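The values are calculated or read from the model by the stated rules, or taken from the named source; none is laboratory data. Since the model is a prediction, treat every value here as computed from it, not as a measurement. Positions of Cβ are generated from backbone atoms using ideal geometry, with glycine treated the same way; all protein chains shown enter the neighbour counts.
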Amino acid sequence: MSKRRSRTISLLLGWAALSMVLAGCWDRLELEQRAVVLGVAIDTADPEAEEEESPITHLSGRFPVPDERMIRLTVQIAIPGKIPLGPGEGGGGGKGESGQTVWVIAVTGHTIDDALVNLQQQVSGRLFYGHLRVIVVSEAVAREGMENLNDYLRRNSEVRRMAWMMVSQGKAEDLMKATPQLERVPTLYLISTMDSAVRMGKLPENYIGMFWSNLSKLGQEAFLPYVRMRKEQNIEINGLAYFKGEKMIGKTKPLEIGTYMAIKGLNPAGYRGFVRLERPPGMVTIFATSRRAAMQVRIVDNEPKFTVRMFTEINLEEKLNNDFDVNSSDVLEEIQRENRKQLAKAAKALIEQTQRNGSDIFGFGEYLRAKKPRYWDREVKTPERWQSMYKNVSIEVDVDSRVRRIGMKAN
């Protein structure tokens, strides 16, 4: 009897364990029942937006609403069966057959969550953010502050930390409505633009998770790609939008992206530039191929003093006149010398620009906190204190450069 009872108990336990494994699909939701959000754009709303808003999350005079300015949220929702699966017309056909692969819809709201609730009221399927890859924020919204946006996205478990967030010059909505010729899905074109820029050394890798990580640091500020849409519906990376806390405080020029990457020692290198020679007079175009950089800090008179040492390898791309021989060691040394001066000048100018705005996007504060923790705990302590100190801190720049290749010429 005891053996039979133990066997029965074992079978019951086995069936219980098996039933738990087989119950994995109890809460399944078919793809057709989901509204897959691919991209989101956030702009400031027009003054009359509150009058046009439907009473979905609040009633006038009964439920309070935030005092902040309303936002306009534009989303790209994938049309089931229309997203191309490969280089052909896989996935149910492309633009030529049925028009669009995505549905672009805009709503207004007092907060991000409020706007998405208003959107859900207009969409039959449940909004799903597991494939959200691009978030575009207008410069106006970024300068007012992104606390609400960052808080909502960080709390949403469906949002991937590998998505791209960017700041747009002008309306962010225009990027959601773009029709680029190289890609049938606008969001995929934006992703491809960012990823290709990273591979070619045109942009530092900076996914939304890295942006949030920099926001959380005590001695470093965050930045995002700054983009604008051209007349041909293509997207141009127009610099870096850098922040002070949650608010955008300034932006760089496109070439200064390369300067930032040189200061940080980020590879691959991908920017070209002109070098003017004095002896002999002339001009050449150079292309940076690799970089190295290192920071040092010392405390002098109770003040931190930083030194940034940079090294770049360059290739000679073209000679703009024929009055000198680039095979000469003297000419090559002149090219290296002038490139060092130009890069040092550009690096110093970019650092001073961020110092004026109190935005340490390079991480000097984090380096100080790591190397001199006692000084940080005694003199700095808070991000606000470092923002104030960073404006007047001493930073020296030392640059070395070498011409590695000058190319071939057939005689």
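I need the full set of residues from the range 356-385 which are touching a residue at least 40 places away in the same chain (Cβ under 8 Å), part of a helix (DSSP H, G or I) and not aliphatic (A, V, I, L, M), in order please.
Residues satisfying the conditions are PHE364, GLY365, GLU366, TYR367, ARG369, LYS371, TYR375, TRP376, GLU379, PRO383.
Inspect the range 84-107 for any residue being hydroxyl-bearing (Ser, Thr, Tyr), at pLDDT 60 or above and more than 14 Å from ASP43 (Cβ to Cβ) and give the result as yes or no.
Yes; the residues of the range 84-107 include at least one that is hydroxyl-bearing (Ser, Thr, Tyr), at pLDDT 60 or above and more than 14 Å from ASP43 (Cβ to Cβ).
Can you tell me which residues in the range 174-196 are under 12 Å from VAL102 (Cβ atoms), within 18 Å of the chain's Cα centre (by Cα) and β-branched (Val, Ile, Thr)?
THR187
List every residue pair whose Cβ atoms lie under 7 Å apart, where the two residues are 6 or more positions apart in sequence or sit on different chains, the first residue falls within the range 210-232 and is closer than 15 Å to THR193 by Cα, and the second residue, located anywhere, is surrounded by fewer than 16 Cβ atoms within 10 Å (Cβ to Cβ).
From the range 210-232, the pairs are VAL227/GLU236; ARG228/GLY170; ARG228/GLU236; ARG230/GLU236.
Would you check if GLY209 is surrounded by 18 or more Cβ atoms within 10 Å (Cβ to Cβ) and either outside any loop (DSSP other than H, G, I, E, B) or out of contact with any Phe, Trp or Tyr (no Cβ under 6 Å at 6 or more places or on another chain) (or both)? Lay out the reasoning, then the answer.
Details: surrounded by 18 or more Cβ atoms within 10 Å (Cβ to Cβ): no; either outside any loop (DSSP other than H, G, I, E, B) or out of contact with any Phe, Trp or Tyr (no Cβ under 6 Å at 6 or more places or on another chain) (or both): yes.
No: the conditions fail for GLY209.
Any residue that is under 16 Å from TYR242 (Cβ atoms) and among the hydroxyl-bearing types (Ser, Thr, Tyr) - is there at least one of those in the range 380-391?
Yes: the range 380-391 contains one or more residues that are under 16 Å from TYR242 (Cβ atoms) and among the hydroxyl-bearing types (Ser, Thr, Tyr).
Can you tell me which residues in the range 116-134 are among the small types (Gly, Ala, Ser) and modelled with pLDDT of 90 or more?
GLY130
Restricting attention to the range 167-180, and to residues there that are in contact with a Phe, Trp or Tyr (Cβ under 9 Å, 6 or more places away or on another chain) and farther than 16 Å from GLU246 by Cβ, which single residue is surrounded by the most Cβ atoms within 10 Å (Cβ to Cβ)?
Ranking the candidates gives SER168 first.
Can you give me the number of residues within the range 229-257 that are in contact with a strand residue (DSSP E or B) (Cβ under 7 Å, 6 or more places away or on another chain) and surrounded by 17 or more Cβ atoms within 10 Å (Cβ to Cβ)?
Within the range 229-257, residues that are in contact with a strand residue (DSSP E or B) (Cβ under 7 Å, 6 or more places away or on another chain) and surrounded by 17 or more Cβ atoms within 10 Å (Cβ to Cβ) number 16.
Mind checking which residues of the range 271-319 are free of Cβ contacts under 8 Å to residues at least 40 places away in the same chain and farther than 29 Å from PHE362 by Cα?
Listed by number, the residues that qualify are MET283, GLU318, LYS319.
So which residues in the range 129-155 are assigned to a loop (DSSP other than H, G, I, E, B) and buried (at least 16 other Cβ atoms within 10 Å of the Cβ), if there are any at all?
Filtering the range 129-155 down to residues assigned to a loop (DSSP other than H, G, I, E, B) leaves 129-133, 145-146.
Those that are assigned to a loop (DSSP other than H, G, I, E, B) and buried (at least 16 other Cβ atoms within 10 Å of the Cβ): TYR129, HIS131, LEU132, ARG133, MET146.
Suppose we filter ARG385, ARG402, ARG337, ARG356 for residues that are among the basic types (Lys, Arg) and either crowded, with 17+ Cβ neighbours inside 10 Å or touching a strand residue (DSSP E or B) at 6+ places or on another chain (Cβ under 8 Å) (or both); which single one remains?
After ruling out the rest, the residue left standing is ARG402.
For the range 219-313, which fully contained strands (runs of 3 or more DSSP E) count at least 2 residues that are more than 22 Å from GLN387 (Cα to Cα) and of a type in the set (Gly, Ala, Ser)? Steps first, please.
Details: elements: 223-229, 235-244, 247-251, 272-277, 282-300.
Per the criteria, 282-300.
With assigned by TED's automatic domain parsing to the domain that holds LYS264, in contact with a Leu (Cβ under 9 Å, 6 or more places away or on another chain), closer than 20 Å to LEU255 by Cβ and not aromatic (Phe, Trp, Tyr) as the only criterion, which of LEU316, LEU320 stands out? Reasoning before the result, please.
Details: LEU320 fails: in contact with a Leu (Cβ under 9 Å, 6 or more places away or on another chain).
Only one candidate passes the filter, namely LEU316.
For the range 104-128, how many residues are more than 23 Å from the chain's Cα centre (by Cα), in a loop (DSSP other than H, G, I, E, B) and among the polar types (S, T, N, Q)?
3
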